[in-house]
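Peer 1: Starting off with a structure, shown below.
The values are calculated or read from the model by the stated rules, or taken from the named source; none is laboratory data. All of these numbers come straight from a predicted model, not from anything done at the bench. No Cβ is skipped: glycine too gets one built from the backbone with ideal geometry, and neighbour counts run over all protein chains shown. Remember, those area values only see protein heavy atoms, side chains included, never the ligands or the DNA or RNA. Shrake-Rupley method; radii C 1.70, N 1.55, O 1.52, S 1.80 Å.
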Amino acid sequence: MKRKKGIVVVFNPQSLYRFIWYYCAYGKNYDWTAICLPNDYKGEYIGEYCEKSGIFSNIIRTSIRFSKLSILRKIQLSVEMFLHAITGQQLKFCKKFINYFIPYDEYDIAVVSTEEEVIPGMFIGVSSEKKTVILEDGTLDYTEKKSRLQIRDVANLWNLLGYLLSKMGYASTVQSRYAFNKTKFCEKYASKPELMKYRNYKSLNKLGDMDVCDKGLYKEILKRIYPLPKDINTIDVVLCTFPYTDFVTDDSFVTSKIETYVNENYRDSIILLKKHPRDKADYHFDSSIKVIEIEQTVPAEIFFSYFKVKSAVFTWPSSILFSVDEKQCNIKVLYLEQVNAIYSEYRSLYINCIQMLNIHRKNIIWI
């Protein structure tokens, strides 16, 4: 009997990591093709990870990403989309777009990691005909999505384009956050589906449920792809950092405060240091602390399903927290008052994330 075919669109280690769970839970009976998109700050590199996984029959590596096209090409493509939309031929356009990567009739299921990009949007655009799955993309998945055009977006070309793309049935954009009605035909998987505010999906399902996952295969695939510590089952502390240069020009005082907090609270510990991909700080801890620094592109979510972790320290409230069971792991999220004195929006952004992630006040540490 001929095996069914699936296609997945990935662009970073997190999107691949989430797909690996889906593959081990529901996707083992498909032959998979990966479309590997460039990541904004590194270009296309996820294809190498896909090759190591050993689960793909075909890997398509592309440098195309709508947000990075020239203004002229964006205009040309937008006009073509508009003409198809006003004549009710969006489905035809989406199929034509998909055929650039893979013949439309040669796949049975599509898995995408975001709704806010044109290429994944094309697969969502045909979800009335093809089984389509949308995996979690981060904390923005837990925010409201707008349905009506916001007056302030009229003067913002990219946000206006996001509104038009969503209304025409093609995609949305991260910045604009407009509702994309075609998601009503899609299965959505989220770490905390009960916290989702936008719920216009065919179904809302639990992402990362290990009870439905082939755990042995899952761990084997992760070992092939990601350079994880060997011969260690228990980690005292996982430290996840954040690039505070997003808020301040000189973040050396932030680094110092984090070092002091760790040195005072976790002497004689084994610490897994997972720096954010854009965090350039160098951390130096007490000599009694054994620090295992993990490659920055490795998704931190892996640690909490792969190792037994006693404590987790976050220097910013991250969606990684959705992967942490606070009944089994002691969670601490640092708040840096000195940053707020320099960057006035820090406090409000922090509070918004805390509320979105449903983090208890007892887990917040002021330093």
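Peer 1: Can you name the condition, by its number, that Leu83 falls short on among (1) closer than 27 Å to Met210 by Cα; (2) part of a helix (DSSP H, G or I)?
Peer 2: Going through (1) closer than 27 Å to Met210 by Cα; (2) part of a helix (DSSP H, G or I) one by one, Leu83 breaks only (1).
Peer 1: Among (1) under 20 Å from Tyr22 (Cα atoms); (2) in contact (Cβ under 8 Å) with a residue 60 or more places away in the chain; (3) of a type outside the set (A, V, I, L, M, F, W, C), there is one condition Glu106 misses while meeting the rest; what is its number?
Peer 2: (1)
Peer 1: Could you tell me whether segment 163-170 includes any residue that is within 23 Å of Met356 (Cα to Cα) and of a type in the set (D, E, K, R)? First the steps, then the outcome.
Peer 2: Residues of segment 163-170 that are within 23 Å of Met356 (Cα to Cα), as a first pass: none.
No; the residues of segment 163-170 include none that is within 23 Å of Met356 (Cα to Cα) and of a type in the set (D, E, K, R).
Peer 1: Can Val174 be described as in a helix (DSSP H, G or I) and either open to solvent by 70 Å² or more (accessible area, probe 1.4 Å) or within 12 Å of Glu115 (Cβ to Cβ) (or both)?
Peer 2: Numbers: in a helix (DSSP H, G or I): no; either open to solvent by 70 Å² or more (accessible area, probe 1.4 Å) or within 12 Å of Glu115 (Cβ to Cβ) (or both): yes.
For Val174, the condition - in a helix (DSSP H, G or I) and either open to solvent by 70 Å² or more (accessible area, probe 1.4 Å) or within 12 Å of Glu115 (Cβ to Cβ) (or both) - is not met.
Peer 1: With respect to Val154, determine if the residue is assigned to a strand (DSSP E or B) and either among the hydrophobic types (A, V, I, L, M, F, W, C) or open to solvent by 10 Å² or more (accessible area, probe 1.4 Å) (or both).
Peer 2: Working: assigned to a strand (DSSP E or B): no; either among the hydrophobic types (A, V, I, L, M, F, W, C) or open to solvent by 10 Å² or more (accessible area, probe 1.4 Å) (or both): yes.
Judged against the criteria, Val154 is not a match.
Peer 1: Here is a follow-up. Given the options Thr315, Thr260, name the one that is surrounded by fewer than 14 Cβ atoms within 10 Å (Cβ to Cβ), touching a residue at least 24 places away in the same chain (Cβ under 8 Å) and of a type in the set (Val, Ile, Thr).
Peer 2: On the way: Thr315 fails: surrounded by fewer than 14 Cβ atoms within 10 Å (Cβ to Cβ).
Answer to the selection: Thr260.
Peer 1: Same structure, new question: Can you tell me which residues in segment 1-52 are open to solvent by 10 Å² or more (accessible area, probe 1.4 Å), part of a helix (DSSP H, G or I) and touching a Ser or Thr at 6+ places or on another chain (Cβ under 7 Å)?
Peer 2: Passing the criteria: only Arg18.
Peer 1: If you don't mind, another one. If I filter segment 53-70 for residues that are in a loop (DSSP other than H, G, I, E, B), open to solvent by 10 Å² or more (accessible area, probe 1.4 Å) and free of Cβ contacts under 8 Å to residues at least 12 places away in the same chain, do I get at least one hit? Lay out the reasoning, then the answer.
Peer 2: Applying the first criterion (in a loop (DSSP other than H, G, I, E, B)) to segment 53-70 yields 54-55, 62-65, 69-70.
Now drop any that are not open to solvent by 10 Å² or more (accessible area, probe 1.4 Å), which leaves 54-55, 62-65, 69-70.
After this cut, where a residue has to be free of Cβ contacts under 8 Å to residues at least 12 places away in the same chain as well, the list is 69-70.
Yes: one or more hits.
Peer 1: While we're on this one: For segment 115-144, what are the residues that are assigned to a loop (DSSP other than H, G, I, E, B) and at pLDDT below 90? Walk me through how you get there before you give the answer.
Peer 2: Filtering segment 115-144 down to residues assigned to a loop (DSSP other than H, G, I, E, B) leaves 115-117, 126-130, 136-138, 143-144.
Those that are assigned to a loop (DSSP other than H, G, I, E, B) and at pLDDT below 90: Glu115, Glu116, Glu117, Asp137, Gly138, Thr143, Glu144.
Peer 1: Out of the residues in segment 162-171 that are out of contact with any Phe, Trp or Tyr (no Cβ under 7 Å at 6 or more places or on another chain) and surrounded by 23 or more Cβ atoms within 10 Å (Cβ to Cβ), state the one that is modelled with the lowest pLDDT.
Peer 2: Leu165
Peer 1: Have a look at Ala312, Ala300 and point out the one that is modelled with pLDDT of 95 or more, closer than 21 Å to Gly208 by Cα and hydrophobic (A, V, I, L, M, F, W, C). First the steps, then the outcome.
Peer 2: On the way: Ala300 fails: modelled with pLDDT of 95 or more.
Result of the check over Ala312, Ala300: Ala312.
Peer 1: Quickly run through segment 227-245 and pick out the residues that are surrounded by fewer than 21 Cβ atoms within 10 Å (Cβ to Cβ) and touching a Ser or Thr at 6+ places or on another chain (Cβ under 9 Å). Can you show your working first?
Peer 2: From segment 227-245, those surrounded by fewer than 21 Cβ atoms within 10 Å (Cβ to Cβ) are 227-234, 236, 243, 245; that's our starting set.
Scanning segment 227-245 gives a single hit, Asp236.
Peer 1: Going through segment 216-226 one residue at a time, which ones are among the charged types (D, E, K, R) and either open to solvent by less than 10 Å² (accessible area, probe 1.4 Å) or touching a residue at least 12 places away in the same chain (Cβ under 8 Å) (or both)?
Peer 2: Within segment 216-226, the subset among the charged types (D, E, K, R) is 219-220, 223-224.
Listed by number, the residues that qualify are Lys219, Arg224.
Peer 1: Let me ask something else about it. I'm checking my understanding of the structure. Among residues of segment 318-344 that are free of Cβ contacts under 8 Å to residues at least 24 places away in the same chain and not hydrophobic (A, V, I, L, M, F, W, C), which one is surrounded by the most Cβ atoms within 10 Å (Cβ to Cβ)?
Peer 2: Restricting attention to segment 318-344, the residues satisfying the condition of being free of Cβ contacts under 8 Å to residues at least 24 places away in the same chain are 324-325, 327-328, 330, 340-341, 344.
After this cut, where a residue has to be not hydrophobic (A, V, I, L, M, F, W, C) as well, the list is 325, 327-328, 330, 340, 344.
Details: Asp325: 10, Lys327: 5, Gln328: 10, Asn330: 13, Asn340: 16, Ser344: 9.
Selected residue: Asn340.
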